[in-house]
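Each remark here refers to the structure printed beneath this line.
Please treat every number below as a calculation from the coordinates, not as lab data. Worth saying up front: this structure is predicted, and the values here are computed from it rather than measured. FYI the Cβ positions are ideal-geometry reconstructions off the backbone, even for glycines, and counts take in every protein chain you see.
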Amino acid sequence: MAKDIDWSSLGFGYIKTDYRYVSNYKDDRWDIGKLTEDETITLHESACVLQYAQTCFEGLKAYRTVDNRVVCFRPDMNAKRMADSAKRLEMPVFPEERFVNAVEKVVKANMDYVPPFGSGATLYIRPYMFGSNAVIGVKPATEFQFRIFTTPVGPYFKGGAKPISLRVPDFDRAAPKGTGHVKAGLNYAMSLHAIVDAHNQGYSENMYLDSATRTKVEETGGANILFITNDNTVVTPKSDTILPSITRRSLMHVAEKYLGLKVEEREVFISEVPYFKECALCGTAAVLSPVGRIVDHKNEILFPSGMEKMGEITQKLYDTLTGIQMGRIEPPYGWLREIR
Ligand SMILES: *Cc1c(COP(=O)(O)O)cnc(C)c1O
């Protein structure tokens with residue numbers, strides 16, 4: 001039976017659901033894994049995750065399509081990305097097949113929390129892994145826990161997608177050859193000060209530049225960036241220190257294959273940003289979030305699409321990808337994973 005939740009007024013906060021998935025790694029192997037009702041974790045005081053931040057995570061959504069199927073969007077991509085994150089952080093890979101099965105299992109167990117179609121709300125899924133045994137010398141843990149919890153979240157845009165303002169901060173997000181390309185908790189720990197500061201200055205997000213030269217656009221703290229040129233080419237920055245967003249990769253595919261637009265993944269200099277006509281952030285949470293303004297110290301960039309609504313091409317990309325996700329438009333093979 002559907003839970004008694006006011007789906008339309010949900011925000012993006014943690015709401016407890018009935019079950020979460022847990023698997024433990026010990027003696028060089030993952031155990032069989034199980035669902036549990038216990039949302040708490042008891043840890044050793046010297047657990048590697050607490051002392052040295054050995055942890056990575058993923059984020060994806062389950063939701064209902066127009067024909068009332070419950071689906072996840074490309075969970076295999078999250079499985080692959082988490083494998084890459086784990087390797088970079090000296091953690092064991094949770095096998096991709098098992099990852100997707102565990103996502104399926106935990107969504108199924110919390111089916112009553114999957115919001116109804118049309119509410120705009122979704123069931124957010126958070127897989128994560130951490131080093132759990134005691135270490136004090138700096139070295140990787142030998143025991144790990146992989147968990148997945150779910151929590152219903154509200155529509156990202158309440159009352160329409162208003163364009164946001166970004167600023168170019170005096171902080172860096174990722175070092176060359178660092179961990180910017182993996183979904184490590186540590187990348188977020190060091191972004192907290194920068195985001196609080198941005199909010200205090202009246203900006204929604206920080207748009208980070210490459211830390212080596214401070215001349216090239218990277219991404220924000222939790223979303224990749226797309227630009228649209230005057231001749232409707234979709235441009236996204238190419239860099240080894242950007243987190244490979246699944247939404248961004250899906251949008252580039254949609255732009256090229258569904259909308260027939262030219263797409264470019266290349267270095268994007270901050271000096272050329274004033275010549276684009278549209279800009280948007282992309283990630284699982286909002287899919288696309290229009291950007292109307294970027295402030296780089298003394299320079300203010302105002303995109304022709306303005307501060308009132310999404311640019312025309314951004315809107316087309318948004319409508320097409322959300323159409324695919326909601327089952328209104330035929331998806332590329334394997335993009336929707338039905339849960340039943
Ligand atoms: C998770 C994340 C994104 C968005 O990735 P999606 O797979 O599209 O949700 C973008 N940038 C950073 C830094 C992230 O951590």
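Can you tell me how the range 95-197 classifies by the Cα gyration tensor, rounded, prolate or oblate, using a/c under 1.5 as the rounded cut?
Details: a/c = 2.68, a/b = 1.09, b/c = 2.45.
Note, shape of the range 95-197 comes out oblate.
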query: Which whole-number percent gives the relative contact order of the range 164-325, counting Cα pairs below 8 Å spaced six or more residues apart?
result: 24 percent
statement: Sorting M77, T142, Q54 by the position of each Cα along the dipole of the range 1-159 (Lys, Arg +1; Asp, Glu -1; all at Cβ), the one nearest the positive end of that ordering is M77
query: About its Cα centre, what dipole magnitude does the chain give when the only charges are +1 on Lys and Arg Cβ and -1 on Asp and Glu Cβ, stated in debye to the nearest 20?
result: 360 debye
- prompt: What ³J(HN,Hα) values, in whole Hz, does the Karplus curve 6.51 cos²θ - 1.76 cosθ + 1.60 give for the range 166-180 when θ = phi - 60°, with x put for Gly and Pro?
  reply: 10, 10, 8, x, 8, 10, 9, 9, 9, 7, x, 6, x, 10, x
- prompt: In nm, what is the difference between 0.36 nm times the number of residues separating K3 and L43 and their Cα-Cα distance?
  reply: 11.2 nm
query: Based solely on its DSSP helices, what 222 nm [θ] is calculated for the chain when runs of n ≥ 4 H residues each add -39,500 (n - 2.57) and the sum is averaged over all residues, nearest 500 deg cm²/dmol?
result: -6000 deg cm²/dmol
- line: If every Lys and Arg gets +1 and every Asp and Glu gets -1 at its Cβ, then about the Cα centre the range 164-325 yields a dipole, in debye to the nearest 20, of 260 debye
query: What order, most packed first, do the peptides 107-117, 274-284 have when packing is the mean number of other Cβ atoms within 10 Å of each residue?
result: 274-284, 107-117
query: Relative to the present Cα-Cα distance, how much length would full extension add between D18 and E96 at 0.36 nm per residue of separation?
result: 25.6 nm
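Test of understanding: what is the full-extension gain from R126 to A212, defined as 0.36 nm times their sequence separation minus their Cα-Cα distance?
27.8 nm
Rule-of-thumb check for the range 7-153: C-alpha Rg over 2.2 N^0.38 Å?
This ratio for the range 7-153 stands at 1.09.
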query: Say each of L186 and F269 gets a label point 7 Å from the Cα, pointing the same way as Cα to Cβ; how far apart are those two points in nm?
result: 3.3 nm
Rg and Dmax of the range 164-325, Cα atoms only, in Å: 14.7, 41
- prompt: Taking Cα pairs under 8 Å and at least six residues apart, what relative contact order does the chain come out at, in percent?
  reply: 19 percent
Calculated log₁₀ intensity ratio I(q)/I(0) where the Debye formula runs over C-alpha points of the chain, q = 0.08, 0.10 Å⁻¹: -0.39, -0.62
- request: Give K3/K61; K61/K158; K162/K257; K26/K87; K162/K277; K277/K316 a once-over and call out the pairs whose C-alpha atoms are over 20 Å from each other.
  value: K162/K257
- request: Would you kindly give the portion of the calculated P(r) for the range 142-221 that falls above 14 Å, as a percent of all Cα pairs?
  value: 70 percent
statement: Hydrophobic long helices for the chain, i.e. whole DSSP H runs reaching 18 angstrom or more by Cα along the axis with Kyte-Doolittle mean at least -0.5, come out as 96-109, 312-325
field: Sorted by Cβ neighbour density within 10 Å, fewest at the top, the residues H199, H297
entry: H297, H199
- request: Along each of the three principal axes of the Cα atoms of the range 245-328, give the extent in whole Å, ordering the values from largest to smallest.
  value: 45, 28, 21
